[in-house]
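Here is the structure we will look at.
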Amino acid sequence: MTSFLQCNPITRAIIISLLIAAFTGLLFLLTIRWTSKRRPCSCLIPALLVLTVGIIWGALIDAQNNFDLGLSLSFIGEWLGNLPWVLHVLLLLVSGIYCGFGFQRERAISKKQITPDSIREAFDNLPSGLCFSDEKGIPLLTNRRMYQLSEEATGKLCRNAEEMWRGLSELEGQKGIERLNKENTPTFRWTDGNVWQFYRTELTLQNQRYIQTTATDITRLYTLTEELEKNNAALDKQYKRLKNLLNEIVQITQEEAILASKVKIHKELGECLLAARRYLILKQPEKGIFELFQQWQEVIRFMESTLKEEKKTSDYAMRELIAAAEALGCTIIFEGSTQEDAGHYPILKNAIREAMTNAIRHAGANELTVHMDIEDNTLYAVMKDNGNRLITSISEGSGLSTLRSRIEQAGGNMEIRCGGGVELHIKLPVKEVS
């Protein structure tokens, strides 16, 4: 079989070049394992291969040069040069396969282990921008996103965190970037439509103070907030219309009942007066006196029934109020009294209507509890909703102000309590409101 020295110069040059490449790869693999502080046994095989390939490479170069010049060969050069060239190629294959598997294994291990490079890669791939700096603003660790945002906003790379923050704080509609607020957390709409919010926090580690500057993409949150504000404005208009409609329903119902009573009284009383006039003109005491007496009795009974009907009308108005509340998705529950009892007090009806409207509009409630007691000719009423929104205080609008004025004019008082729902406490003299 042809030995290495018997091969033509081109073949020998190729084999030596491949040996140099194998030596370089094995040396690089050995360096990686050694710097990664692996176990010594993991460095043993690549070290032996590096030594073997290096010796063969050096000996073959020396043998080739002496052979071409006709000089005597060294013992190891002569021995390696007379080996079949296939053995050298086989060594190259073994070294190449070992390098390939070795690099693949190192890559797999590096993905499973936390190293400075893996930390840096993960830090750069964060969707948010981050910059850690010392008290003087010198950046200690900054990711790729923060560099990008800083350059787009201020036109400069983040070389000093304090200068970058001042540039962001003073940024006002430059380069097509729209500022959305004037607060300590600058918020901007970028040219691509994304909304970024910047804020800073102080960190203390081993008695050293550091500054963390963060840029967060709040595009979705900002869009949802805008939609919520639009929906709240539309709901506010709708609640105002429903409140006006509710007031009109109660008022129209009361006016219709009063008008019907007036028409009926006018008709019955008119007929009675005409009958009396006819009796007096004809001057026939013996005729029709009994019928006239019965007619007047009917008129009197009707007047009495009209007074009772007023209470029925008031109850009907209360039922209308409850029906309107149910149409708005709110249930009125009476405790200690009934809706008929509450219907006897006009001011209380107005209070229930106002409490129900505010409970639906401001507290998001779907239930209003009305507790009413009468003690010592005094009406005590408490209206409480089950709202799911935290309300710490209430500013009285025209509805509550008018209600308070009416209650105080009647000799009572009104108190609004917040916490675990809104409570409306009313105290009224019965003789003033019945």
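Using 1/(1 + (r/R0)^6) with R0 = 45 angstrom and r between the beta carbons of TRP34 and LEU228, what's the FRET efficiency to the nearest 0.05?
0.15
If you take the beta carbon distance between GLU408 and ILE119 as r and set R0 to 56 Å, what does 1/(1 + (r/R0)^6) give as a FRET efficiency, to the nearest 0.05? Don't skip to the end; give the middle numbers.
Numbers: r = 70 Å, r/R0 = 1.24.
Working from the Cβ atoms, E equals 0.20.
Starting from the Cα-Cα distance between ILE218 and LEU180, subtract it from 0.36 nm times their residue separation and give me the gain in nm to one decimal. Walk me through the intermediate numbers first.
Numbers: separation 38, 0.36 × 38 = 13.68 nm, distance 1.20 nm.
Contour length minus Cα-Cα distance gives 12.5 nm.
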Per-q log10 I(q)/I(0), the range 127-217, q = 0.11, 0.12, 0.14, 0.17 Å⁻¹ (Debye; single scatterer per alpha-carbon; no solvent): -0.28, -0.33, -0.45, -0.65
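No value in this document is a laboratory result; all are computed from the given coordinates. Just so it is clear, the structure is predicted and the values come from calculations on it, not from any experiment. Neighbour counts run over all protein chains shown; Cβ positions are idealised from the backbone, glycine included.
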